Amino acid sequence: MPTMGAQAEEYQTLHMNEVLSSEAEKSTTLTDEEAQPNLEEVEKIIGYSFNNKVLLKEAFTHSSFVSTECSASSYERLEYVGDAVLNLLFSREQYNLYPGLPPGRLTRLRAANVDTEKLARVAIKHGLHRYLRHKKPLLEEQIREFTRAISHYPLHSNGLVDAPKNLADIVESTIGAVFMDCNSIDTVWEAFKDLLEPIINPGTIKTHPVTQLYEICQKNNLKLRFVDLWEESQTVEVFINNEIVGRGTYGLRKEVAHNRAAKDALDNIWKVLGEEKESAQDQDQEANCQSEELPEMKNLNI
């Protein structure tokens, strides 16, 4: 029988999924008549009133919308500013919150909170995507697919979901717009710290499946090999000791297929280890904890 805590967590996850689905179903495309985003609604969402409204308008203007008929600039310059401000804010916050955490773990923790998927979730959760001015016909379906996919991963998928970059962009551009309007990182943090919740912390951060798979194979002296079949079938396969143990498929980005293959291999690695499934899962969790003490592995795409 599930515990009260498990029931509460399940209810919270289902409620969040309903909220995300509701937000994603709303139109993400503004018609020409709706070309001016409702600045008051956006200001209400972020809890900040702009002195220079042009900055907010620019923050929600995609380059595909900019034309000879549109005098506004795209959000790209504000995105550049917002990216730098957001990294600085998380660096300062984590430095103060975790005085005993070494730089390598701080870097990994910051990266988890500012990556494309995490920020795209923020845009969907608060409905910011509804104010983006663009002419990208495929974006709406990409947003719906992303919303459905993240319903299986309440906090983060660790590379198993393809997040539309435009969603993350408008979070950064809005942060950049607020900073350029007020010139105060403290004001920016006050406006966005709640919007960025849930913030990933040392207790909730998970190891990337590719990193975790490499660590387990190294620990057990197993020969790991990724086979790239993406050009032919949008698939990546994982072999351990010349035995196929994982497969991942995704047609739009090879990196996602690669990550899914690693996750599938982790789910099946107990067959190679010759252990009970529960024992292998415990080893996965142990590797997950040990990797918290290691610097982040880079250039794992094969």
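Rounded, prolate or oblate, given the Cα gyration tensor of region 121-222, with a/c below 1.5 counting as rounded? Before the final figure, lay out the partial values.
Details: a/c = 2.64, a/b = 1.51, b/c = 1.75.
It is oblate, given that a/c is not under 1.5 and a/b is not larger than b/c.
Extending each Cα 7 Å along its Cβ direction at E232 and H152, get the distance between those two points in nm, one decimal.
Rounded to a tenth, the inter-label distance reads 2.5 nm.
Please give me, ordered by residue number, the trypsin sites (Lys or Arg not before Pro) of region 154-213 that lie in loop per DSSP and have at most 15 other Cβ atoms within 10 Å.
Sites meeting the loop and neighbour criteria: K193.
Below 14 angstrom from the Cβ of M180, what's the summed charge of the other residues (Lys, Arg +1; Asp, Glu -1)?
Local charge sum for M180: -3.
Just how large is the dipole of region 69-119 about the Cα centre, in debye to the nearest 20, putting +1 at every Lys and Arg Cβ and -1 at every Asp and Glu Cβ?
Rounded to the nearest 20 debye, it is 400 debye.
So how much accessible area does R148 have, in Å² to the nearest 10, using a 1.4 Å probe?
My reading of the accessible area for R148 is about 130 Å².
Taking amide H positions as placed 1.01 Å from N in the peptide plane, with prolines and chain starts having none, which residues 5 or more places from T235, or on another chain, fall under 5 Å of its amide H?
Those qualifying (amide H under 5 Å, at least 5 residues apart or on another chain) are L229, W230.
What list of ³J(HN,Hα) couplings, whole Hz, do you get for region 89-102 from phi and the Karplus terms 6.51, -1.76, 1.60, once you set θ to phi - 60° and write x for glycine and proline?
Whole-Hz 3J(HN,Hα) from phi for region 89-102: 4, 5, 4, 5, 4, 6, 4, 6, 6, 10, x, x, 7, x.
For region 71-156, give the percent of accessible area contributed by carbon and sulfur heavy atoms, probe 1.4 Å, rounded to a whole number.
Exposed carbon and sulfur together represent 56 percent of the surface.
The values are calculated or read from the model by the stated rules, or taken from the named source; none is laboratory data. Just so it is clear, the model here is predicted, and its values are computed rather than measured. Heads up, the Cβs are rebuilt from the backbone with ideal geometry, glycines too, and the neighbour counts pull from every protein chain shown. Only protein heavy atoms, including side chains, enter the accessible area calculation; ligands, DNA and RNA are left aside. Shrake-Rupley method; radii C 1.70, N 1.55, O 1.52, S 1.80 Å.
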